[in-house]
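Enquirer: This is the structure, below, for whatever I ask next.
Every read-out reported here was derived from the displayed coordinates using simple, explicitly stated rules and does not represent laboratory data. This structure is a prediction, so every number in the text was calculated from the model and none was measured. Here Cβ is always computed from backbone atoms with ideal geometry, including for glycine, and neighbour counts include all displayed protein chains.
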Amino acid sequence: MLPLPVFDDDGLLPAGDYELTLDELRASALVSGNGVGSSTWDARWRAHLVESLATLVRQLWQVGVREIFADGSFVEDKEHPNDIDGYFVSDLKTFASGELQRQLNLLDPHKVWTWDPAERRAFRGYPKKQLPMWHQYRVELYPHYGQFSGIRDSFGNELEFPSAFRLSRRDGKPRGIIKIGGAP
């Protein structure tokens with residue numbers, strides 16, 4: 001894994017996988033804004049997002065998930081990102097059986113672990129409906145078990161989560177992603 005660099009000229013975390021523990025993420029420039037050169041960097045909000053992410057990461061660790069990735073506008077120079085997006089690696093059988101969701105909801109007091117489109121709810125000022133975990137934590141983590149993401153590359157090819165999450169939504173340019181390390 002690579003050390004965490006500063007944002008590139010496009011305001012993106014340069015392409016690559018950057019492994020950080022939750023403590024390292026808390027102390028990083030992604031949260032503090034050190035070296036970003038912004039007087040309006042919302043470090044308090046970014047720290048809140050990381051704490052929400054940490055809650056969900058610990059739940060994933062408790063059910064045996066070890067590969068967890070965080071990105072979205074959080075890994076861009078957006079001073080106040082709306083949320084943290086990401087994915088985790090799961091096997092198809094555990095996901096398809098509903099066992100993963102069941103185990104996670106036993107751990108979460110708000111029972112937010114679902115990816116059912118029918119469970120999405122509107123939020124003021126947002127064009128798309130959001131999952132329950134977003135409403136509670138402002139984090140959306142999706143299971144990856146080899147499926148496509150619904151996001152297409154510049155040639156129209158549908159991408160799997162690992163590829164889709166490594167592209168900026170604003171312009172499709174490659175960007176870096178944080179791999180959460182330090183699993184027990």
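Enquirer: Would you please give the FRET efficiency between residue 114 and residue 153, computed as 1/(1 + (r/R0)^6) with r the Cβ-Cβ distance and R0 = 25 Å, to the nearest 0.05?
Expert: It comes to 0.35.
Enquirer: Then there's this: Only Cα pairs under 8 Å and at least 6 apart count here; give the relative contact order of region 1-67 as a rounded whole percent. If you can, show how the numbers build up before the last one.
Expert: Details: 43 pairs, mean separation 14.6, N = 67.
It comes to 22 percent, rounded to a whole number.
Enquirer: Here's a follow-up. Please give me, ordered by residue number, the trypsin sites (Lys or Arg not before Pro) of region 90-169 that lie in loop per DSSP and have at most 15 other Cβ atoms within 10 Å.
Expert: Within region 90-169, the qualifying trypsin sites (Lys or Arg not before Pro) (loop, at most 15 other Cβ atoms within 10 Å) are 111, 124, 128, 129, 169.
Enquirer: Which is farthest toward the positive dipole end of the chain among 88, 14, 132, measuring Cα position about the Cα centre, with Cβ charges +1 (Lys, Arg) and -1 (Asp, Glu)?
Expert: Highest projection toward the positive end goes to 132.
Enquirer: Modelling each spin label as a point 7 Å along the Cα-to-Cβ direction, I'd like the residue 8/residue 89 distance in nm, to one decimal.
Expert: 2.4
Enquirer: Semi-axes of the equivalent ellipsoid for the chain, please: Cα gyration tensor eigenvalues, times 5, square-rooted, ordered largest first, whole Å.
Expert: Working from the Cα gyration tensor, I get semi-axes of 25, 19, 17 Å.
Enquirer: Looking at region 16-180, how many pairs of lysines come closer than 26 Å at the Cα, when each pair is eight or more places apart or spans two chains?
Expert: 11
Enquirer: Let me ask something else about it. Below 8 Å between Cα atoms, with a sequence gap of 6+, how large is the relative contact order for region 16-180 in percent? Please report the intermediate quantities before stating the final value.
Expert: Working: 243 pairs, mean separation 44.5, N = 165.
So the answer I get is 27 percent.
Enquirer: Right, next: Just round it to a whole percent: the fraction of Cα-Cα distances in region 35-112 exceeding 22 Å.
Expert: The proportion of pairs with Cα distances above 22 Å equals 34 percent.
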